[in-house]
Amino acid sequence: MQRIIYASVLMVILLAGCTKTRVVQSRYIIQTETAVANCSYTWQQGDYWEFLAWALLDDVSSASVLAITAGYTPDVLPSPGTEIIIPIPEEYEEAARHRMESARLIRMATDIHETDRSGCMELLIDARETDPSWSVPFTNIAVLFLEDGRTDDALELLGPVCYKNTPALIMAGIAWRQGNTEDAMRHLSEALITTTPRPEVLAAAGIAWSVTGDRERAGNIIRRLLEDPEAPSELRVLALRYALMLGE
């Protein structure tokens, strides 16, 4: 269980690591008729569609749709400084800007996570202050706390965002390791309250319910994970192992 909890959070940190470099000038842009209804965004050096989709939509798979909505084909990037349109109501333009600033700080923190932990922590704190409504800086700071054995600090930090999926998953892992099964299951239930739970949530919930004896519920959750072709292979293999144990 502990391995799954950590994997889910580190996945959030590392998600901003991929890059794309092809750039096009504005003359290649496909103009959209609905642009005025959405908010504008100034493309920054190092941006790419998956990065924006992760930060703004919490859904990397929406990167292609985001690009097309902005007037581009998914395989090209605007040049830095280009103003584009993103499919978010224009009243959220300032919030989107703060979110992207926070995302860049998280990406910088990711780059130095292994070599400069104090600098990584400072960047994550700045990211949290830049966008206090985003749970990702909270979860990444909590990971550092847990790695340092500061469980109480992690719990205190996650308290205000415990109703969100990934923080709920982390808190479930902490409760599980402390032997508090009731709290662990409650937090897992909170983490599952979404139309598309993350594979890490499904794996953790499936294993937890199998261990606690709720075989039917565990089987249903594990089946959802196995049927997800985008789920990491290691999680699917782990879930399959528990599914076979349930069938014994």
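Counting only protein heavy atoms, what percent of the accessible surface of the stretch 25-155 is carbon or sulfur at a 1.4 Å probe? Before the final figure, lay out each step's value.
Details: 3220 of 6460 Å².
After summing per-atom areas, the C and S share lands at 50 percent.
Close amide-amide hydrogen proximity is noted between Ile88 and Cys39, each under 5 Å apart and 5 or more residues distant or on a separate chain (H modeled in the peptide plane; Pro and chain starts excluded). Using the Cβ-Cβ distance between Glu114 and Asn220 with R0 set to 45 Å, the FRET efficiency from 1/(1 + (r/R0)^6) comes to roughly 0.75.
In order along the stretch 144-152, the Karplus-derived 3J(HN,Hα) couplings, from 6.51 cos²θ - 1.76 cosθ + 1.60 at θ = phi - 60°, round to 4, 4, 5, 5, 8, x, 9, 5, 4 Hz, and Gly and Pro are given as x.
Heavy-atom accessible area per residue, the stretch 119-192, 1.4 Å probe: how many Å²? Show your work: numbers first, answer last.
Values: 3000 Å² over 74 residues.
Each residue of the stretch 119-192 exposes 41 Å² on average to a 1.4 Å probe.
Lys/Arg Cβ at +1, Asp/Glu Cβ at -1, dipole of the stretch 31-121 taken about the Cα centre: which of Cys120, His98, Leu56 is farthest positive-ward? So the residue furthest toward the plus end is Cys120.
Between Leu244 and Ser133, what is the FRET efficiency for a Förster distance of 41 Å, r being their Cβ-Cβ separation, to the nearest 0.05? The partial results should precede the final answer.
Details: r = 42 Å, r/R0 = 1.02.
Using R0 = 41 Å, I get an efficiency of 0.45.
Scanning residues 5 or more positions from Leu77 or on other chains, those with amide H under 5 Å from its amide H are Val23, Val24, with H placed 1.01 Å from N in the peptide plane.
The values are calculated or read from the model by the stated rules, or taken from the named source; none is laboratory data. Since the model is a prediction, treat every value here as computed from it, not as a measurement. For neighbour counting, all protein chains shown are included, and Cβ atoms are generated from backbone atoms with ideal geometry for every residue, glycine included. In case anyone asks, the SASA skips ligands and DNA or RNA and just uses the protein heavy atoms, side chains included. Shrake-Rupley method; radii C 1.70, N 1.55, O 1.52, S 1.80 Å.
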